[in-house]
Amino acid sequence: MAINIRNAVLQNVIGDSREDLEDTIVDAVQSGEELMLPGLGVLFEVIWQNASEANKKEMLQRLAGGLTR
């Protein structure tokens with residue numbers, strides 16, 4: 001049986017409040033569990049799809065800055 005991770009994640013958070021979404025993200029990041037990474041990827045996809053070009057540039061700058069060693 002194939003599981004559509006994207007749909008499962010979206011169905012799990014649709015209707016959540018901002019606080020609920022923040023709790024989900026913080027929990028996933030703090031837990032460090034590899035199993036949470038696909039869910040964070042789906043949430044990032046939603047952010048990216050709904051971001052303006054200026055927001056995308058800012059996200060990329062923050063990402064690049066966070067990856068500097």
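The values are calculated or read from the model by the stated rules, or taken from the named source; none is laboratory data. Since this is a predicted model, take the numbers as computed values, not measurements. Note that we place each Cβ from the backbone using ideal geometry, even for glycine, and neighbour counts take in every protein chain shown.
Do the conditions hold for Met59, that is, is it surrounded by 12 or more Cβ atoms within 10 Å (Cβ to Cβ), assigned to a helix (DSSP H, G or I) and out of contact with any helix residue (DSSP H, G or I) (no Cβ under 6 Å at 6 or more places or on another chain)?
yes
Any chance you could count how many residues in the range 27-44 are under 18 Å from Met59 (Cβ atoms) and either aliphatic (A, V, I, L, M) or loosely packed, with under 11 Cβ neighbours inside 10 Å (or both)?
The number of residues fulfilling the criteria is 6.
If you take the residues of the range 1-56 that are outside any helix (DSSP H, G or I) and acidic (Asp, Glu), which of them is modelled with the lowest pLDDT?
Residue satisfying both the conditions and the ranking: Glu33.
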